[in-house]
Amino acid sequence: MEAASRLRVVFEPRAEPHATDLYAYDSVVDGVIGFEAVGETEIARYREDGFLLVRKAFGDAEVKAARATLHELVTSDAPACEAVYFEGSIRDLIPSLADEARDERRGLGFEELALGRTEDRLPELAPGVRFKYVRKVMGFADRNPPLRAIAQHPGLATVLERLLGGAPQLYQDMAMIKPPGGREKPWHQDRAYFNLAQKTPIAAAWITLDAATPENGCMRMVRGGHRDGPVVHFLRRDWQICDTQLMSSTKRVAAPMEAGDCLIFDALLPHGTPRNDTSQARWALQYHYVPVGAERVADEERLSVFGSEGKDVTC
């Protein structure tokens, strides 16, 4: 129970609807089969597009072990992780949160970007009920061998070293779960969340533990959008890029994936996922990597680039 007392639990606001065409796309991403197929052509394509899809990157046994471990985490009364985020719809089951107003006063610090209520314990609901509302789990790789094995996969590490220009270091580990009816993750750049020097190369590895489809919330991206540099973010439905900026893009692509596929993308690439409009959950792991020795910075430096204050911009 000592571990549970240090847990960060976030109850997010109820999801607001998004425009139906916000995640429309012009094409579907193709990819290579296995990490060993990543050659100079694929590295050059990553530099140009901002992403690289590796199909069948992880075997069935690895995926099964990772999924079983993640399921154990989200159903445990004392999960071996740092944080658990719940969909806003769980508020209907918690009287003290049912009528709570959205917290628009939350700061933009590194640990403060969630717009909901943060507590230090799980809700008093049966595990079988509670886990149906889990949206995100963070900070688990060091305590869960099957999830650590995915993060440290030799094939992935080899590709990341080529992309980052140095030995990769795991910077952040998350599981992104989109339950039936689960909320969108609005368009954003991952770098806008990270207190790292702007010169630091950052790569994300998004690994599916079941099928990710256009209907259940597969990844959407702006092809080549990372080359346009940082984009100002706003606190709206999330810490996000303004919807109007994405609605005019003609380079939006979708990345349907099967269990065991791995999508690697640059942290400046604009991306997002729509709500899950199916009756099945969509489970994925997301790991972020930086070169060993990457320079950390303060909130103020990150916000001087990505924050809207003082830039005379509105959304």
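Quick notes on this one:
- Between GLU40 and SER279, the contour length at 0.36 nm per residue exceeds the Cα-Cα span by 82.0 nm.
- Distance from the stretch 163-186 to the stretch 207-240 (C-alpha centre basis), Å: 11 Å
- Cβ-isolated cysteines (cut-off 4.7 Å), the chain: CYS81, CYS218, CYS262
- Hydrodynamic analysis of the stretch 217-315 uses the Kirkwood radius over alpha carbon pairs. Inserted into Stokes-Einstein at 4 °C and 1.567 mPa s, it gives a translational diffusion coefficient of 82 µm²/s.
- Furthest towards positive pole of dipole, HIS288, GLN169, GLY224, structure part the chain, Cβ charges: GLY224
- The stretch 258-315: GluC sites (Glu not before Pro) in DSSP coil with no more than 14 other Cβ atoms inside 10 Å: GLU258, GLU295, GLU309
- Rounded Å value of the spacing that divides the Cα centres of the stretch 117-150 and the stretch 293-313: 29 Å
- Label point of GLN152 set 7 angstrom out along Cα-Cβ; within the stretch 273-302, amide nitrogens under 20 Å from it belong to 285-294.
- Using only side-chain charges placed at the Cβ, +1 for Lys and Arg and -1 for Asp and Glu, the dipole size of the stretch 2-306 relative to its Cα centre rounds to 140 debye.
- Neighbour-count ranking [beta-carbon atoms within 10 angstrom, fewest first] of THR244, THR158: THR244, THR158
- Listed residues ILE90, ILE207, ILE33, most fluctuating in the chain (Gaussian network, C-alpha, under 10 Å): ILE33
- Given R0 = 30 Å, the distance between the Cβ atoms of ASP99 and THR20 translates into a calculated FRET efficiency of 0.55.
- Cleavage-rule hits (GluC sites (Glu not before Pro)) in the stretch 140-246: DSSP loop, at most 15 neighbouring Cβ within 10 angstrom: GLU215
- Near-label residues of the stretch 228-252 by backbone N, under 18 Å of a point 7 Å along Cα→Cβ of ASP312: 232-233
- Global form of the stretch 1-61, assessed from the alpha-carbon gyration tensor, a/c cut-off 1.5: oblate
- The alpha carbon convex hull volume per residue for the chain rounds to 130 Å³.
- Estimated FRET transfer efficiency when R0 is 30 angstrom, pair GLU124-GLU300 (beta carbons, to 0.05): 0.20
- Length gained on full extension, GLN198 to GLN169: 8.8 nm, using 0.36 nm per residue less the C-alpha separation.
- For the chain: lysine pairs under 22 Å (alpha-carbon distance), excluding those fewer than 8 apart on one chain: 11
- FRET efficiency for the pair GLU215 and LYS64, taken as 1/(1 + (r/R0)^6) with r the Cβ-Cβ distance and R0 = 35 Å, rounds to 0.90.
Readers should treat all values here as calculations from the given coordinates under stated rules, not as data from a laboratory. Bear in mind that the values here come from a model prediction, so they are computed numbers and not experimental data. Don't worry about glycine lacking a Cβ; one is built from the backbone with ideal geometry, like all the others, and counts go over all protein chains shown.
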